[in-house]
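Single-structure report; data block below.
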Amino acid sequence: MLNFTRNNPYQNDCINFQLNSLDLLQPIRHWLDRIEITSPKIAHFLCRVIPVQCPFERDIYLFGQKVAHIPPLCKLNPFYEQVSSLRFRALCYLADECGEDVRCYC
């Protein structure tokens, strides 16, 4: 919650404006959360495309010694939770509704 105060030199009172924190990405998050998996083909596609773990995390070795570690950057993605949840729903659809073995996606 942000509070802005504007003082008018011609009036003695202050006008307070309260703005709720604006989340411009919320409609996209909500849309991703509402996606329903209804086809095995789509579920397989989502499981192949969305990685199990962050593909950017790396250990850098020089002459056999670890010299640096690049941390997972997926948490910086504003849709990380929604995309992970979408992959999980696709896996659950394949396992529960289709009775398929999903170990190949883990």
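The values are calculated or read from the model by the stated rules, or taken from the named source; none is laboratory data. No experiment lies behind these values; they were computed from the predicted model shown. Glycine gets a Cβ as well: all are built from the backbone with ideal geometry, and neighbour counts include every protein chain shown. Just so you know, the surface numbers come from the protein's heavy atoms only, side chains and all, with ligands and any DNA or RNA stripped out. Shrake-Rupley method; radii C 1.70, N 1.55, O 1.52, S 1.80 Å.
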>> When you check CYS54 against the structure, is it at pLDDT below 95, touching a Pro at 6+ places or on another chain (Cβ under 7 Å) and surrounded by 14 or more Cβ atoms within 10 Å (Cβ to Cβ), yes or no?
In response: yes
>> Can you pull out every residue in the stretch 54-69 that is closer than 21 Å to CYS106 by Cα and part of a loop (DSSP other than H, G, I, E, B)?
In response: CYS54, PRO55, PHE56, GLU57
>> Within the stretch 21-32, does at least one residue satisfy the condition of being outside any strand (DSSP E or B), among the polar types (S, T, N, Q), at pLDDT below 95 and open to solvent by 100 Å² or more (accessible area, probe 1.4 Å)?
In response: no
> Give me the pairs: first residue in the stretch 52-63 and aliphatic (A, V, I, L, M), second residue assigned to a strand (DSSP E or B), beta-carbon distance under 8 Å, and six or more apart or on different chains, which are they?
Replying inline: ILE60/LYS66; ILE60/VAL67; ILE60/ALA68; ILE60/HIS69; ILE60/ILE70
> Only one of these conditions is not met by SER84: (1) open to solvent by less than 60 Å² (accessible area, probe 1.4 Å); (2) free of Cβ contacts under 8 Å to residues at least 40 places away in the same chain; (3) over 12 Å from the mean Cα position of the chain (by Cα). Which number is it?
Replying inline: (3)
